[in-house]
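These notes concern the structure reproduced below.
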Amino acid sequence: MNSHVKIDAAPVPFIDVAAQRARLGNRIDEAVARVLAHCRFLNGPEVTEFEGKLAAFAGAKHAISCSSGTDALAMILMAWGVKAGDAVFCPAFTFCATAEVVPWVGATPVFVDVLPDTFNMDPASLEAAIKVAEREGLNPKAVIPVDLFGQPADLDAILAIAKAHGLKVLCDTAQGFGATWNGKRTGSFGDATATSFFPAKPLGCFGDGGAILTDDDDLVPVLKSVREHGQGVDKYENVRIGMTGRLDTIQAAILLEKLAIFEDEIAARDAVATRYNAALADVCTVPVVDPRATSIWAQYTIRLPHGVRDGLAAALQKEGVPTAVYYRIPMHRQPAYAHFPAAGNGLPISEQLSGEVISLPMHAYLDEATQDRVIAAVRRALAG
Ligand SMILES: *Cc1c(COP(=O)(O)O)cnc(C)c1O
């Protein structure tokens, strides 16, 4: 083996937190040190500063930081008073957290199919799911469109259906924060938006974290109360059932530094996706972005004919190129969720996609040489 092959054999990271740390130099360490010095580990000044900057970035009136993306979703449902007998419409092709929070408040998730090109909620299937919920005696209450893999859902269509049926819209942009729809950032649509700062998300912290974005002035004090055990005017008065939902000050301090370079990272991610698209479109189905949208490319996910994916993953693994499958089992087929209602006659697109999709390495620090190595490995594997 010559030295060139040896260098190539070093595994490609699926996401690269270390490269980002290198770019930020000692700014993260200094930000953390400041919190260690002032010791306001909860509700510290960095939390308020971060909430202001996050709201401005998203184009939302308010940002309420919290403990995770999952808790952000749950806190919104709690603040709205969603309850037993209510139906909440969720895509079947998503991360489980989208639907998980619905039974937490006693309500029923009703699963909706997705579109084959964008992988996002199918508006026609949402209409069908509303009929199913009504037939089952449920009260259609809210819909949770998900910006899967970084691309906003069809918000024009979903907001129109929600308006016609009196549904609240809770946007789940855990994967889509930083993307746009009709030129506006996610976080500025619907009644409220939940996002996540899980380390692997496009804007991640160094632990768990999340945020809620909303323009609804009346919702803000309710969310803040839910975040602190349902506190009233006095800290030790409990006016509702709440939770421990705060974002740690250390995480807010880290996120302030990362938000400052996020615009650059968005551009870098888009450049990687553009190159992947051009180099792979003739050997697999590359992702499609709606002309009204931009994607933040939380994942770069291709489709292959049924039965090809696992062979590709094994071949790439041998070349040090990691892959991941999001998601192998759609929600309506998950053991814990299979008893909940679903739209129409099954959810054929969610089922098809769960057998076909595979995600390639994608992050803002993936240089062109490494991209070329991924591209060459995919092409070799699919040719063989
Ligand atoms: C990651 C994710 C969440 C949950 O976020 P956590 O911060 O991990 O709780 C919710 N919805 C979607 C679509 C996600 O990808």
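Note on region 199-215: residues that are assigned to a loop (DSSP other than H, G, I, E, B) and either within 12 Å of the ligand (Cβ to nearest atom) or crowded, with 23+ Cβ neighbours inside 10 Å (or both) total 10. Residue count for region 81-96 satisfying the condition of being of a type outside the set (D, E, K, R) and surrounded by fewer than 21 Cβ atoms within 10 Å (Cβ to Cβ): 5.
Going by what's in this entry, would G178 be described as at positive phi, in contact with a helix residue (DSSP H, G or I) (Cβ under 6 Å, 6 or more places away or on another chain) and not polar (S, T, N, Q)? Yes; evaluated as a whole, the condition is true for this residue.
F189 falls short on exactly one of the conditions (1) part of a loop (DSSP other than H, G, I, E, B); (2) over 14 Å from G59 (Cα atoms); (3) more than 10 Å from the chain's Cα centre (by Cα); (4) of a type in the set (A, V, I, L, M, F, W, C), and that condition is (2).
Taking A253 as meeting all but one of (1) assigned by TED's automatic domain parsing to the domain that holds P202; (2) out of contact with any helix residue (DSSP H, G or I) (no Cβ under 7 Å at 6 or more places or on another chain), write down the number of the exception. So the condition that A253 fails would be (2).
Residues are listed down the side, and each one gets a yes or a no for (1) over 18 Å from the mean Cα position of the chain (by Cα); (2) of a type outside the set (G, A, S); (3) not in a loop (DSSP other than H, G, I, E, B):
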residue: F14; (1), (2), (3): no, yes, no
residue: I28; (1), (2), (3): yes, yes, yes
residue: R34; (1), (2), (3): yes, yes, yes
residue: R40; (1), (2), (3): yes, yes, no
residue: E46; (1), (2), (3): yes, yes, yes
residue: L54; (1), (2), (3): no, yes, yes
residue: M75; (1), (2), (3): no, yes, yes
residue: K83; (1), (2), (3): yes, yes, no
residue: T98; (1), (2), (3): no, yes, yes
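Quick check on my filter: what residues within region 227-282 are hydroxyl-bearing (S, T, Y) and in a strand (DSSP E or B)? Hit for region 227-282 is T244, nothing else. The set of residues in region 184-198 that are within 10 Å of the ligand (Cβ to nearest atom) and either more than 30 Å from P291 (Cβ to Cβ) or surrounded by fewer than 19 Cβ atoms within 10 Å (Cβ to Cβ) (or both) is empty. Look through region 29-82, keep the residues that are of a type in the set (S, T, Y) and within 19 Å of T249 (Cβ to Cβ), and return whichever of them is farthest from the ligand (Cβ to nearest atom). Per the criteria, the residue is T48. Of the residues in region 154-174, at least one is within 16 Å of the ligand (Cβ to nearest atom), part of a helix (DSSP H, G or I) and farther than 30 Å from A33 by Cα.
The values are calculated or read from the model by the stated rules, or taken from the named source; none is laboratory data. Bear in mind the structure is a predicted one, so any value in this text is a computation, not a measurement. Don't worry about glycine lacking a Cβ; one is built from the backbone with ideal geometry, like all the others, and counts go over all protein chains shown.
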